[in-house]
Amino acid sequence: MRTDLLRFNGALELDPSIEAWMQEHAGELGAIAHRWFEVMRQCGDEVRELLHDGCPVACLGDAPFGYVNVFSSHVNVGFFHGAALPDPARLLQGSGKFMRHVKLKPETATNAAALSELIDAAYSDIKMRVEHG
């Protein structure tokens, strides 16, 4: 097991604090966040979740791969190892060493297929990192 991966203690199969977060973020932006977090939840049987820095995070066991967060006019769907993900649709934003995000706005069309592929790729990437170091 790699020790240099970011790990979070306390991840649960279904964290009740995330349901509370979703209820607090009702409305159009909350619906967008909920939709894409559900996609992360469906990636595999080993997906666990927790609130970290005030937003829902999806993990493979204790290793995070994605998150959602609501801002005043948009939603970020983020990836902890986003810089390493293939992004042929060029959805990813950010310039950090590891993390990247996709910014979604209610009035702007979303390339749902490409975002779903990014989520799948993020899950596959973290699975490879955890299992093969």
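Coordinate-derived values only; no laboratory data. Quick caveat, the model's predicted, so the values are computed rather than measured. We place every Cβ from the backbone using ideal geometry, glycine too, and count neighbours over all the protein chains shown.
Computed values, structure above
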item: Gain in span if fully extended, S72 to F8, counting 0.36 nm per residue against the direct Cα distance; result: 20.3 nm
item: Within the range 16-127: Cβ-based charge dipole about Cα centre, in debye rounded to nearest 20 (Lys, Arg +1; Asp, Glu -1); result: 360
item: Net charge of Cβ neighbours under 13 Å - reference L50; Lys, Arg +1; Asp, Glu -1; result: -3
item: Gained length - H132 relative to E19, 0.36 nm times residue gap less alpha-carbon distance; result: 37.4 nm
item: The range 16-127: relative contact order in percent, alpha carbon pairs under 8 Å with at least 6 residues between; result: 23
item: All aspartates and glutamates inside 17 Å of K127 as judged from Cα atoms, apart from same-chain residues fewer than 8 positions distant; result: D4, E13, D45, E46, E49, D62, E117
item: Cα shape, the chain, gyration tensor, a/c 1.5 rule; result: oblate
item: Burial order of peptide ranges 114-120, 93-99, 10-16, 63-69 (average beta-carbon count within 10 Å, highest first); result: 63-69, 114-120, 10-16, 93-99
item: Mean Kyte hydropathy of 1.6 or more with a Cα span along the axis of at least 30 Å, helices from DSSP in the chain; result: none
